[in-house]
Each structure stands twice: as structure tokens, then as C-alpha cells.
1. Run through the DSSP bridge list for chain A and note the antiparallel percent, rounded to the nearest 5.
2. Say each of A:R609 and A:L380 gets a label point 7 Å from the Cα, pointing the same way as Cα to Cβ; how far apart are those two points in nm?
3. Which of rounded, prolate, oblate describes region A:36-128, given a ≥ b ≥ c as roots of the alpha-carbon gyration tensor eigenvalues and a/c under 1.5 marking rounded, otherwise prolate only if a/b is larger than b/c?
4. Kirkwood Rh over alpha-carbon pairs of region A:509-630, then Stokes-Einstein at 4 °C and 1.567 mPa s: what D in µm² s⁻¹, rounded to an integer?
5. What number, in percent, do you get for the relative contact order of chain B if the mean sequence gap of Cα pairs under 8 Å and at least 6 apart is divided by its residue count?
6. For B:H131, what accessible surface area do you get with a 1.4 Å probe? Give it in Å², rounded to 10.
7. Taking 0.36 nm per residue of separation and subtracting the Cα-Cα distance, what length does fully extending A:A354 through A:R466 add?
8. Keeping every protein chain present and rolling a 1.4 Å probe, give me the accessible area per residue for region B:367-441 in Å².
Amino acid sequence: MSAPAAAPAPAPGPTPSSAPPLLAGLVAVALAIAFVWMDPAGTVRGEAVVALARGGIPALAVLVAAMGAGGAVLRATAPDAVTAPSGWLTALGLGVALQGAGMGLFAMAGALGPAAVTVVGVSLLGWAARPRFTFPRVPAAAWVVGAAFLLPGLVEALSPPTDTDELSYHLALPRRMLSAGHLLGGYLEPEGSRPLPVHLVFTALFALGGEAAPKLWHLGITAALALGVRTLAEARFGPGRGDLPALALLGSWSWLREAGLAYNNHVVALWLLVAADAMLARRWVLMGWMCGFALAAKYTAAPVVGGLALVAAWDGLRRSPRAIVLAAVATIAPVVPWWIRNAADGLHPLFPFAGWPPSPSGAEFVFVYPEKYGMGRDLLNTALLPWNLLFRAETDSFVFLGRLSLVWAALGAAAVYAARRDAAVRRLVFVAALGFAGWALGAQIARYLLPMAAIAALAGGALHRRWPAWLLFAVSLPANLAPTLRDTATRLAVVTGNQTREAFLVENVPAWGALGYLRDHVPADAKVALLYAWQRYHVGQTSILGSVEDHVPTRYWTWQHGDDTLHALADLGVSHLLVGDVHFLKKSYPFLSPDVLRAQFTDPEKQLRELLLRDATRLYASARWEVWRLDPPLAPSGLDENAPAP
Amino acid sequence: MLLLVTAASAAVLVIAASDLRPAVGQPVRLTASWSGPLPAEIAWRGVDTALGAEARVVPRAAGPLLVHADDATITLDVQPAGNAGAPQVQADARSLPAVEAASCRDDRYPALAGAWVAWCSTTGRVDRATHLGTRAEVSLSAGATAPGLGPDAVLAADLGLWRLPEATPVPDQTRVGTGSVGPPATDGTHGVFAWANRVEAFALTERQREQTEAAPLPGYPTALAWPFAAWVESGGETGEDVWMRDTTSARIPLARTIRNERLVVGSGRWLAWVDEAGVYVQDTTRGERRAYPASTGFVFGPSLWGPVACWEDRAALRDGTGDIDVRCSDGVTVARPGHQRAPSRWGPWLLFREAGQMMVATAAELVFDDDDPRAEGGGNTVAGGWRGAHRDAPVAWSFDWPAAGWRVERWDGAAWVPGEALAVGPVTVSNPSGDAVRLRPVDGAAR
């Protein structure tokens, strides 16, 4: 059989000029903007486009600047890494770390604020080094699918913040630091005592583009990470092997819900993925730096960092001991300054996770109760943990507080199977397994798995295409998407400009009545303490004691100060209180002894209620939220008719 | 619909006195309604000391005493003698197990609408009413989260007016829709509603809604003493203030000082509010403002039955010597172990909360003396009689009475003389000898 005749080559045409397509593109964009602006139905109002531009342009600029800065450093230190398939991802991770470190220097010097522009500007200069990345070629269908998954994140990013952790920490802290111009922390603002490499970048983004910028930036990180996992998996395992690993991330509710939020789990996942890639390429120092920043951003990265360190020691200690030592130094370098800062402030280096002083009675105070999450820690539940995690996790309860795609089962099994023969997969599986074990020993919250998720997904690239894993992905997709889409539907009106921000927040922030009272009727220079309340972001005044974990700051303050709780706040200049009505139930803390539950939870709550009656005046109440004013010394009535006659 | 919008001008508009019939030597506090910039520069005349919008005078001789503040005047009718001491009236309390204390979304309820306890079913909205005397229970056709409560009346802005015991709203009443910033107030015939930029007060059967420019604080109830209506505003350097619309719908400051005047309520022709120093009850027609020193106003506002105010008193709690008790200006007191809170008063009944339970206390007796704000009659106050003084002419008292089985007793200078049985409804009782009357339950009457 003869070979088929080759098809005739097409006749060469004239070389296309880039000018007409460019012009057409500009015209198309102009027409699109004009259409949106002039749409009589107001489907998407002009304000929405302005909001997207105001947050999106700074977010994109900071991401591009990070890649430039990372690329420049990479080009100078490991030129071959720049052109590797993962070069752009490595540069992005390295650049974000550099920006966080740069902001950290300004922050430690007490000069937050305009520093944001400086750091971004300097980062952009990295492109002057002309790093030549090899950007991945992605089929149009993959772009479309990825965009579809991330669309809810875009809606989330452009809508007013309502997420508990954003309101209490991720957005509240950058906003507070920006207005204060320096770092915060201590018992009154424990979130500020954590290492903050990501939140300092958020601070810069907030300064440049308002509240949407950090969220859109994070959405960009999420997209880059999904693309990075796909790229690395295809580079390592072959064409088509990156789709399911990327979709395992995008198709898991726990991953997807954070896409448009200003969170830090995905950033940590990015750093750990770059670290894992560097480990496989034996770039030990780069791995160390990435591990260090991941650890600084989230201590939940520790088990994965430990796994990477063990692999590095196994593989590199004999052949390049100096590099391993440098890697170890690089791993702790991003964290140690924060520990020193805490120590200098008289706190435990690991505060707020450790170091809460005992009560006057000597009893210990616990910051986090890991036992609260998951389905139990007995032998049976530990053995069933993977099963429970995939089949019984709930997005709205302490039963893992999340949901994952069922395709993780296939990816995990395939990776373990492939680890028999593939040394690289074996290392990735080892790291992921250690990460999972560490997670299982700590608080079993599904999102705490996110730091290791990208590495696990990459290992899952070993999954053979003949396995019927798509079925598992498809069957679990509705359960993972439904909560996200429900939430997206409630946000569409405000994002498209068809609902006011005020109306949206009234509907979606339970304390909005009380927050509105604080905004409209309490002096802007007042100091507000949040007791059993977490909505710090929406408090315009200087605020302290917002809730974290189980309302730890409030409980601790009350527990420590007892009868003087409110007087001690007044001594700090606090004049107003935002108070939530909480009820700690025994069934929520079955692992606590009745004495501890009473001493650290129910008694402080009751005592606070009594003290409010004694020492404060309620100004506003709506549902479970109240605004109180601390009673000043009684103002003289001036002219008391009961006084003796002059 | 006719809209009338009026604004205040900066001036002293009226003067209030803590007692319009003081005895010689009895200090009187005078307050000018000052709407101008602070500190107030008021030309007081006829007073002993003045401090901005407040002044003090101690009358030296019986007879009329004219006081000026700028162009406003008030005349005190100084008496040769005055009553002394305040009565203490005990009240027996029982629980109301059928009414869940914490069932309402808005914790100002359950509360009294006249003799009816307005309370919430499992909906969290006020949609039930139980009569304290007859124990009749009504399920309202709809529930409101924060309605206005008046004598036998429940008013919701978007649902209309219920006249108890009817279960359905009165037809053809004006409904003003949603968006009001606090609970309305009603006297059963009129209503007052607060919006972000105005207050509207009108007869509920009429379409004409008279508006007064205002900035009511959200969450605070309005108050009605028709044709007057009052509300709370934030006055910046003066803190919270109580403002009032007068008969021409103009706004005037009722209580505007450096203290925080708030939680205004109304009943009949009286308005009451609190500040850090006490409770104040203003007679809107006569210009008398009684002041009761108290440590109150920290959560729930005062309750008013005519000029009788009841309030949460936390003086003992702040001193570290006790807890929160309920006190009333006519001497009714509920001081039991634990906190007694959220008082709501009508007639002899005092609704309150204690340890998560709804309770009702019934006064053992009520005494109306000749210095009671409701006392009508001429003559002079002379020495001798119940609490050391009496008038030398007959005295009468008019009020709404809700409880069956009570009778009147009159002080004749030596003893209480049994009189007629007291009817339920608007009543007038009198004492020809110009001294006190006492209301007491007939032996065996249900409480």
C-alpha cells in the first residue's frame, strides 16, 4: 500500500499586517462599551464597567508587575527556569513573594500607604530584563471552560464584600493598615500579628483600586494556578493529561468559592506548586524561598513544606549540601521577621495561634479547637476520613465546612499507582500524603487542604486517560456548583448596577442596620469595639476586637478583665460597641468539659450582657445586632431643682 | 393629599417648668426650647441662676411669678404650701406563662396596648393580644415586626390600625407603606410615622398627611400627644435630642441639652423621655415638665399611662448594691431579686420581664393627690392633709381606667372614706375637700 499523496501546499499569500486586526479590535471594544453604556434596558450599567476597570486594571497591573519582577530575578539566578514550561508561573510566584517582601519592608518601617505604588512600580521594572517566557498554548475550548468556571468568581469579586473572613480579616486588615499607615496586632487585633505577605499585597491593591482590586487579583491568581497545573501536568505526563487535574480544582466548591474572594489559600497553593516544581528540577534555593513564603502566609502549609523539605534532604543533601542549607535558610527567612516582631511586641512568636496568657486563675486559653471540625477523630472516622471528606462534607456546617469533587478519588488513586514506577510522582505523592496527614491531625476544614491541592492535582496528572474519571467529575459537579451558582444569582443585580450597594448589603449582611447606624450616627473619630461581631470591614471608624475563630478576642478580653471589661475598653478610648447576640451551645462543643465551656464561653457572654446593662446605653438594635455607647461619667444636669436653695 | 412642610427658626419658642404650682421655697427648673447655636445665649429674667437653655428659680412668696426667656414667658402659681415626700406603692407580681418573653424579633415587644398585652407568635411578629383583665385572646389577621401601640390599638405602617379586640384592621384607614425608620405611634385615632427626612402625623381616617421636616434617628420610636408628636434626632454636639412638632406642624426642640435625651413616648397630652440624669414628663398643653432623677434609659424606654411614667432603674446595679428594678412616678415599684426590665404600664397593671419570663404586677393601691399632674381645680395649696398639704377647693382627676372591681376612697383629713365603685373606661373622680383619693381593689377582685 502506497502512502497517500501529499496535499499540495497552499500558495503563499501576502504577509498579513498587524495594523488592521488591531484597529478592528479597538473598534470592537469601543462598540462594546458604547453598547453597554447606551443599552436602554440597562442590562449592565455603565457603573459596573467602571467598577470592573477601577479594580481590574490595578489588579492586572500588579500581576503583570509581579511576573516581570519574578522573571528578572529568575533570569539572573536560573536562566533555564525562565524558558521552562513553568517559567511564567515560577516568575509569577516569585514576583508576588517579592512584592509581599517589599511591602513588608515598608510595613516594618511604618510606612504603608504610598509605598504601594512604589513596590508595584519597581516590580514593573522587571520587564526591562526581558524575561522570555514560554507561555502555554491552550485550546480555545479550554479557555471557554475555564472562564465559565471562573465567572462566578468574577461576579463575587465585583460585588460588595459579605464573606465572613473578608469582613473580619482579609479585607478589613488591609483597609485598617492602610488608614493607620503601619502594621497592627496584639490581643486587640490578633489577625494583625500573623505573618502577612499576602495581606500586604492586598493593602497595595486596596490603595490602588479599592475593595475589588484584591479580589480580582486573587481571581487572577486562581486562573493562573489552574492554567499552571494544566501546563505542568501536560509537560510532565503528556498532552491531555492536564485537563482533569485543573478541573479537579475548578470543580471543587471549596476551591471555586474562594476564586473571587480576597483569600490567601490559592496564593499559598501557587507558592507550593512552584516549590514542588523547583524540587523536581532540583532548584533547592528557589524551593526554599517559595516554601518560606507559603509558610508565612498560612501555617497550614507546614505539613507540605515539611514534605518538600524531607524530599530535598533525601535528594540533595549528599550532592549539594550547601544548596540545601541555603534552602533551609530561605525557608525560614520570610517567617522569622514576623516571629521577631511578635516577640518584640511581647507576644509569643506564633501568636495568635499560641501564647494567649492564662487567666488570673491560671487556666489556659485555647485559640482554635481542631476537634470542632470534621466527623470525629476515633479510629473508625480516621480510617474513613477520605470517604467522609468526599461523600459527607457539608458546605454549611462544621462537617468539613466544604465540598470537593469526586474526581479527586481517581486522581489520588492514579497518582499512588503511578508512584510505583515514576520517581517524580512518588515525590509528589509523598508530599501530598504528608500534607493530608498534617491536615487530618489539625482542624479538618476542607479549605485547609487548598495549599496542597495544586500539588495533589499535579500528581493526579498521572491518571491514565482511559480511566472513567470524567464520570466522577461530572456526577459530583452539580453538588459542587449549586451553592456557588445560588450565591452568584443573588449578586448579579448589584454587579450589573441594577441594585444599589446599600440595598444589596441590607439583604446580605445581617448586621447592616447596626453598621448603618454606626456609619451615619456615630462620630467618624469614635473608636468602636466589636464584641461577638466580625464585620470590621464595614465599620468606618477605628475598630478593635473583631471576632476570629470562636469570637476569641471578645471572649479573651472579657475573660481577662472580668468586671472591668467595659471600663478597660473605655480606658483605651473606646466609646461605642457593636455587639452580636451569641449563644454558645453545648452541642457545638461536645469535646469541651462543662467547666471549660462555662468559664471560657457561656460565662463571659453572660457577664458581658450584665456589664452592658450596668455600664452602657443601647443606641440601636435590630435582630441580633446592637450598637451600644459606653456611658461617660454622668453629665451634670446643671440646674437641679432638688438642690438646696441658693 | 396636602403636604405641609415647615422648618424651625432659631429662637426660644416656649418655656417649661418642673412645677407650675410650686410651694414657696421649692426650687423650680425652667427649660427653654432653644433651637439656635450652642452655647445658648438666652436673656433670662425672673430666675435665680441660668445656664444656657436651663434656669432655676426658688420662689420667695406666694402668688404669680413671671419668668422670661427672650420673648417667651411662663407664669408660676406659687403656693403657700406643698406636699412632701413621694409614695411607695407595692405591687404583687405573677407570671404570664402564655406569653413568651423572647418571642418577638424586636425585643421592645411584648408590650401593653392599653390593657392588652401585644405579643408574638412563632412568626416573631406582633400578632397576638391578650387582655390583662378579661384574659381574652385575639389573633391578629397579620403580624408587624415593630408596630405602634396605643390604648387598645395596634398600628403598622403598611398594614393599618387594629382596634382591639377586633382581629382585622379598621377598613379605610390610611396606610403609609414601608420605609419608616422606626416604630410609629398611635392614640387609636391618630398616627405619627418617622421617615428618614420627615415626620408625618395625621388622623388615620384622613388622607391629608401633614409633614414636618425632621431627621429621626433610625430604630427609635416616635411619640404622640395629639396634636403634638415627638421624635429623637442626633444633634451632633448636643448628642441625642427630642424634637416635637407643634400644632402648626412646625418643629421645635423639646429637649436639647448636652445630655442625651432619647426614647420618647406619649400618652394622652403627655410626652416622656429619658436622659442620663432622669425621666421627664411634659404636659404639652400646660408647659409643665416633671423631672424624676433616675439612672435609666440604657435599653428600654419609659412607659406612660397618662402622666405616670415607669422606667428601668439601674442605680443599685451601678452602685453595686443591687439589680435593675422598675419604678413609676406614682410610686408603684417592682423590686424583686434579679432584674425587672422593659416596663409597660396601664392603669394598675405593670408588665415587665424577669429572668426570661413575662410578668405582670398589679398595684396594691393608687393614690391621686392634689399635686398629681392630672389634678384639676382651683384654690390654693395650704398646709395639712395627706402628705402635708391640700387644696382649699375641690379637686378632680380624669383618666382612663381599665380594671374592674376597684373603688374610690377619699381622704377627709383623718381617714380614707370608702366611695363609689370605679367604672372601666374614661372616668373622673373628685374630692370636694381638695385632698387625695385612693383607688383600691374591692376585696376578692381578680388581679
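The values are calculated or read from the model by the stated rules, or taken from the named source; none is laboratory data. Owing to the predicted nature of the structure, the values given are computational and were not obtained by experimental measurement. Note that we place each Cβ from the backbone using ideal geometry, even for glycine, and neighbour counts take in every protein chain shown. Heads up: the accessible areas ignore ligands, DNA and RNA and are worked out on the full protein's heavy atoms, side chains in. Shrake-Rupley method; radii C 1.70, N 1.55, O 1.52, S 1.80 Å.
1. Percentage antiparallel, nearest 5: 60.
2. 3.7
3. oblate
4. Values: Rh = 14.5 Å.
It comes out at roughly 89 µm²/s.
5. Working: 1270 pairs, mean separation 54.0, N = 447.
The normalised contact order for chain B reaches 12 percent.
6. 30
7. 35.5 nm
8. It amounts to 40 Å² per residue over region B:367-441.
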